[in-house]
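Have a look at the structure below before the remarks.
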2 protein chains.
Amino acid sequence: MNRMSMINAFDPTRSDALDPTTRSLIERRLRVLGPAYRLFYEEPLHLVRGEGVWLYDANGAAYLDAYNNVASLGHAQPDVVRAISEQSATLVTHTRYLHEGILRLAERLLATMPAEMGHVMLTCTGSEANDLAYRLARTVTGNRGVIVTNLAYHGVTQAVAEFSPSLGAGVPIGNHVRVIPPPDAYHSDGDVATQFAQSVTAAAADLSAAGHGLAMFIVDSIFSSDGVYADPPGFLAPAVAAARAAGGIYVADEVQPGFGRTGAAMWGFERHGLIPDLVTMGKPMGNGYPVAALVAQPRHLEKFGRDARYFNTFGGNPVAAAAANAVLDVIEREHLIRHAAEVGAYLLKGLSELADRHPRIGDVRGAGLFVGAELVQDRASREPDRDLATQVVNGLRQRRILLSASGPGGNILKIRPPLAFQRPHADTLLSALDEVLTLG
Amino acid sequence: MNRMSMINAFDPTRSDALDPTTRSLIERRLRVLGPAYRLFYEEPLHLVRGEGVWLYDANGAAYLDAYNNVASLGHAQPDVVRAISEQSATLVTHTRYLHEGILRLAERLLATMPAEMGHVMLTCTGSEANDLAYRLARTVTGNRGVIVTNLAYHGVTQAVAEFSPSLGAGVPIGNHVRVIPPPDAYHSDGDVATQFAQSVTAAAADLSAAGHGLAMFIVDSIFSSDGVYADPPGFLAPAVAAARAAGGIYVADEVQPGFGRTGAAMWGFERHGLIPDLVTMGKPMGNGYPVAALVAQPRHLEKFGRDARYFNTFGGNPVAAAAANAVLDVIEREHLIRHAAEVGAYLLKGLSELADRHPRIGDVRGAGLFVGAELVQDRASREPDRDLATQVVNGLRQRRILLSASGPGGNILKIRPPLAFQRPHADTLLSALDEVLTLG
């Protein structure tokens, strides 16, 4: 079933067991939103309130959120709420009038990046940022081809869906797209850096032979949907060099790892010592307000700026800029990068200790507060245990802890809580996971 | 110059005449936002506050806004601001959890539409809605071809830019796209309805001969960027029939005319007695909050829903739904559709009276508070007078009244104020226009 190609999707044929209120909401959804929407969990959640790392359902029950990286500072973070409220009451226009907010935001974002990155373009969504990256990559290189990893997700526009294989077989990838295995050190014998670079070189040669050429190599620096691959830092560099040698540019998709989540730096690509051609960012940028961006080396915008213009009605409006500036304020003031490193390390250590007692935890890995735990049938074969992952995700949900899974086997627990996550929250998660694995 | 292919764009080579503060902001913009951004007016505006139909610059000067249709209820409309603030402080998640707000919004939107329209999908931007419409049109028809009008604008994603010829020659239209003349009764001798339908039939035949087939015929129901073509109501119907006869579906792009602006109904297609296959909407939907949508006949989502899934991180989040629900509340409570009809008729009558005294106003037209006034060199030739339009737009801006121009000759004044616009505001606009035309 294609529906099931999405990990942790609710199966609407199994709604009989649900309470009448939930069932009624699901029926209304199906009626008015139609068949393309999906819900999380065997028993979907009806959330009505959020605060910090906590989400509350309609009955007042509190859920520990270890999954939502959009409200990345924490749900309803008061500085961001205030910035949105005040600017909404003051002015909402667009980028064809002058405004301080967007300039301040762009200057601050650039200050977090290598000096080579010089221009910021504001969009509303990560999809739009990646779509624009592809338009630029085509303009800059004159080529059409794209290289992505096996289960990459970069967005849902027509152009971006064609290079987002994680959308499933029902959304065919473009004939100008090549998919390569992710840098999976757990299932590989050799040096993932070299293997990954070799895959890029081979895919680029194939694109060249097909007449497409390579426009861009785009990767999520933390490989979120592929299964969370973080180490060793630097492994991405040879692949990027290979893409450039083949005439393509390198786009760092920071929608998942950006804004300090990896604990090492503001951006995921920094862990790999890279200077991207283009950087895209989205989800956590406004802590829930729709704002996203593309950052470019100026030389890559020269031709596009001569031939075309870019306008995004809502992109970079004064409220978007206010929200994003507030997010940067909080990251700085609360030292959230360091915090992500510390609590992330604590969580990873706790997971490693759990793995000592639960052999079906085959591997734990990650960077900062982006953590993966791979569940396997046994450690010798390393075969994915999808059923166990489903049990764990739903078992934790029953214990009011929210996370999900990723990877081709659907067996890699994906843990990426709001950065307000503290050690006691990690303890709560670890002890519930212990319990679920003991039962499972 | 391509930069000048955008009507009413600021020319950065002419910044010497500006005051130092404005010049400094423009220099920062160029430095950090890069060359693809454009500003309005010969003397760009630095706006810091808005309220109702008024915008205020950094010196406190008030501008009468006769142009911005995003803050369509009026700038900083308090009900919408309150809805955004309260929901932002309560919960911002996404559509993979259950939430009442999006269901209520979808049900209310559907209640404004013909019974055939059954599903709502939420995006963040009109570009994303039109991009999704194209994905659906391809899925439904199995074809690739698109028919649009000469200067259509539907958005900026890779796929949508290919069928947005108003972006200029630097953004080539796709080889699967055919452009046809808009239904311009002022420059046409015959029956625009028949001519427009014949153009669709010919374009569809050409797409078929080229092997693309027709996926969709997409039109802005008020032809905003083509030059504002509203009458006679119903003229669109034969063209839609022609597109369907050729195997395509009809997409009503309501980003410009939607949400009551035409004064005749909630949606522009209603003036033409049509039932669309898909409807897209955006700009005014959240009065400035980034929210947009696609509404579909359910049969057009069946195959897509089986093969694919749709998720838009920010699209339809609880704040987006709260903002859009508040917009619907205000439109109902303040009878803004009737208001748009009344004030629009008053404005149109005033423009007609001005035309009696100013022969270079060749035509006035529109529907509700979407009004066009075509400036010509003389009434016999009907030749566009672009220079006069530039003088008028900038002369009004110096008199602190904001509007712009559209059309292939850049000579059609485009007037689409926030719906809070009242008769005294129309009087202010008319008397300033009288003055500028007298001087010009």
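Read-outs: derived from the displayed coordinates by stated rules, not from any lab. The structure presented is a predicted model; accordingly, all values stated were derived computationally and were not measured. Positions of Cβ are generated from backbone atoms using ideal geometry, with glycine treated the same way; all protein chains shown enter the neighbour counts.
Quick rundown of the values:
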{"quantity": "Chain A, helix-only ellipticity at 222 nm - DSSP H runs n ≥ 4, -39,500 (n - 2.57), divided by all residues, nearest 500", "calculated": "-11500 deg cm²/dmol"}
{"quantity": "Cβ-placed point charges (K, R +1; D, E -1), dipole of chain B about Cα centre in debye, nearest 20", "calculated": "920"}
{"quantity": "Antiparallel %, DSSP beta bridges [both residues in chain B], to 5", "calculated": "65"}
{"quantity": "Antiparallel content of DSSP bridges confined to the stretch A:78-333, in %, to 5", "calculated": "35"}
{"quantity": "Calculated from backbone phi, Karplus (6.51, -1.76, 1.60) coupling profile of the stretch B:190-197 in Hz, x at Gly/Pro", "calculated": "x, 8, 4, 4, 5, 4, 5, 5"}
{"quantity": "Near-label residues of the stretch B:84-100 by backbone N, under 18 Å of a point 7 Å along Cα→Cβ of B:Glu334", "calculated": "B:84-85"}
{"quantity": "Highest-first arrangement of A:77-90, A:190-203, where packing means the average Cβ count within 10 Å", "calculated": "A:77-90, A:190-203"}
{"quantity": "Highest-MSF residue in chain B out of B:Ala230, B:Ala215, B:Ala62 [GNM, Cα springs under 10 Å]", "calculated": "B:Ala62"}
{"quantity": "Relative contact order of the stretch B:382-428, pairs being alpha-carbon contacts under 8 Å that are 6 or more residues apart, as %", "calculated": "33"}
{"quantity": "Per-residue mean of C-beta atoms belonging to partner chains within 10 Å, peptide A:74-83", "calculated": "3"}
{"quantity": "The protein assembly as shown - share of DSSP beta bridges that are antiparallel (%, nearest 5)", "calculated": "65"}
{"quantity": "Label-to-label distance, nm, for residues given as A:Lys303 and B:Tyr346 (7 Å Cα→Cβ offset)", "calculated": "5.4"}
{"quantity": "³J(HN,Hα), Karplus 6.51/-1.76/1.60, whole Hz, each residue of the stretch B:134-151, x for Gly, Pro", "calculated": "5, 4, 5, 4, 5, 5, 5, 9, x, 9, 10, x, 9, 10, 9, 7, 3, 10"}
{"quantity": "19 Å Cα-Cα reach of B:Lys349 towards lysines, excluding residues that sit fewer than 8 places from it in its own chain", "calculated": "B:Lys414"}
{"quantity": "Distance between modelled label sites at B:Arg379 and B:Ala61, nm, 7 Å Cα→Cβ extension", "calculated": "3.5"}
{"quantity": "Partner chain coverage, peptide A:7-14 - average Cβ within 10 angstrom", "calculated": "1"}
{"quantity": "Relative contact order [Cα under 8 Å, 6+ residues apart], the stretch A:1-44, whole percent", "calculated": "56"}
{"quantity": "Nonlocal amide H pairs with A:Arg49, under 5 Å, H built at 1.01 Å", "calculated": "A:Tyr56"}
{"quantity": "Net charge over other residues, Cβ less than 13 angstrom from the Cβ of B:Ser164 (K, R count +1; D, E count -1)", "calculated": "-3"}
{"quantity": "The stretch A:325-388: GluC sites (Glu not before Pro) in DSSP loop, at most 10 other beta carbons within 10 Å", "calculated": "none"}
{"quantity": "Shielding by other protein chains, B:298-310, mean Cβ within 10 Å", "calculated": "6"}
{"quantity": "Dipole moment magnitude, nearest 20 debye, the protein assembly as shown about Cα centre, only Lys, Arg, Asp, Glu C-beta charged", "calculated": "220"}
{"quantity": "Given charges at Cβ of Lys, Arg, Asp, Glu: the stretch B:1-44 dipole, positive-most of B:Pro35, B:Ser5, B:Ser15", "calculated": "B:Pro35"}
{"quantity": "Cβ-defined net charge surrounding A:Ala17, 13 Å radius [Lys, Arg +1; Asp, Glu -1]", "calculated": "-3"}
{"quantity": "Selected from B:Gly101, B:Gly260, B:Gly368 as most flexible by GNM, with chain B as the system and alpha-carbon contacts under 10 Å", "calculated": "B:Gly101"}
{"quantity": "Whether the stretch A:1-44 is rounded, prolate or oblate, judged on the alpha carbon gyration tensor where a/c under 1.5 counts as rounded", "calculated": "oblate"}
{"quantity": "Selected from B:Thr262, B:Thr21, B:Thr123 as most flexible by GNM, with chain B as the system and alpha-carbon contacts under 10 Å", "calculated": "B:Thr21"}
{"quantity": "Integer Hz, Karplus 6.51/-1.76/1.60 couplings in order for the stretch A:333-348, x for Gly and Pro", "calculated": "5, 9, 6, 6, 5, 4, 4, 4, 5, 5, 5, x, 5, 4, 5, 5"}
{"quantity": "Computed over chain A: relative contact order in percent, which uses C-alpha pairs under 8 Å that are six or more apart", "calculated": "21"}
